[in-house]
1. Compute the separation of the alpha-carbon centres of the range 266-337 and the range 197-256 and state it in Å as a whole number.
2. Counting other Cβ atoms within 10 Å, which GluC sites (Glu not before Pro) in the range 213-256 have at most 15 and lie in a DSSP loop?
3. Given Cα pairs under 8 Å that are at least 6 residues apart, what percent is the relative contact order of the range 244-339?
4. Is the range 178-262 rounded, prolate or oblate when judged by the Cα gyration tensor, a ≥ b ≥ c being the square roots of its eigenvalues, rounded requiring a/c under 1.5 and prolate requiring a/b larger than b/c?
5. Mind checking which lysines have their C-alpha under 29 Å from residue 305, skipping anything on the same chain fewer than 8 residues away?
6. Please say if the range 195-354 is rounded, prolate or oblate, where rounded means a/c under 1.5 for a ≥ b ≥ c the square roots of the C-alpha gyration tensor eigenvalues, and otherwise the choice is prolate for a/b larger than b/c and oblate otherwise?
7. Output needed: percent of Cα pairs per 10 Å distance bin for the range 161-213, bins running from 0 to the one holding the longest distance.
8. Given R₀ = 25 Å, FRET efficiency for residue 83-residue 220 by Cβ-Cβ distance, to 0.05?
Amino acid sequence: MIVPMPIPVRGFVTLMAALCMAQAAVAQSRTSSSPPKTPSSSNAAGGEAPTLSVVEWLQRMHTASRQRSYIGTFVVSAATGTLSSARIWHVSEGDLQMERIEALSGPPRSTFRRNDKVVTFLPESKVVKSERRENLELFPNLLGNPDSSIAALYGVRVIGKDRVAGFDADVVQVEPRDGFRFGYRVWSERRSGLVVKLQTIDGESKVIEQSAFSELQLDAPIKTHALTQMMSSTAGYRVEKSELERTTAQSEGWSLKAPVAGFKPINCYRRSMGGDARGHTMQWTFSDGLASVSLFVEPYDAQRKPREVLLALGATYTLTRRLVDKDGDWWLTAVGEVPPETLDAFAQSLTRAR
């Protein structure tokens, strides 16, 4: 049974996934034999959508997210009727990327990101959570030619034109070639390529989650020093730092009996569970260039009485399962914006390697 969960204010997560989802295409294109097609400004302004491959479309969207500064209100809704919104300030200055995300629904929360450093303010508990996130590693450089990676898993076609938050946009359908991943309908702002609206589509062509700007100001005058000052103003808060240690699944004693179609491992971390007696949690992350799946594995704790469940949170599914091995029992939490069958395939394939 799938248990639906209310959507918290997580618009910035969906936004960054949408805007950065071409990272693989960007990295791979540097080794491509031909340069990507870039639509001319006259073509983009004249009303005709550029003719691009799936890799080239995603690269255009990614470039826009890296180069444009903007302020906007972002709204995330699910098929279950739940709704959340956030106010976003994004500034780009050369290699520096900064953001402020203010929750407009649910518990008060302010999140700041300066490149890979993320700081979240929780006013009700007077806690600040500080961590390092390799955000752009959600979509890393995959092996091989882009035509044999993303293009082998997804197709693309322009399906129309629309207006979002007052901006003309090309509507692009990104279609999966199998049932292990969702499809996407993307509204790409015509002049810049910036993603202004995103729908996640299931195998029955139903919209299971939608993210969109309800209001947007492009090239907004945002000052990085002002955001930096706000980010460092932790007086009166208890600062909690999350330390992640790079590792490998092999060194942690885990492997997959068989790969899940199209998904490649991109990183692996271990996090202390609070004391040597409790051990640590391993996070093993996979990506197909668009969708990602994270496997969290920790020692099984019978006192916590965990339940094996499948949870739905918009387009994000979470599967929990107990793994029994001669070396001991383990608890798996698999999370990803993928169909439940994909998470089950990972759970079935995960095994102890020692």
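Coordinate-derived values only; no laboratory data. If you're wondering where the values come from, they're calculated on a predicted model, not measured in any experiment. Cβ sites come from the backbone with ideal geometry, for glycine too, and all protein chains shown count toward neighbours.
1. When both Cα centres are located, 20 Å separates them.
2. Filter output for the range 213-256: 243.
3. With pairs under 8 Å counted, the relative contact order is 21 percent.
4. oblate
5. 129, 241, 257, 326
6. In terms of gyration-tensor shape, oblate.
7. Calculated over all Cα pairs of the range 161-213, the distribution is 27, 48, 22, 2 percent.
8. After rounding to 0.05, the efficiency reads 0.50.
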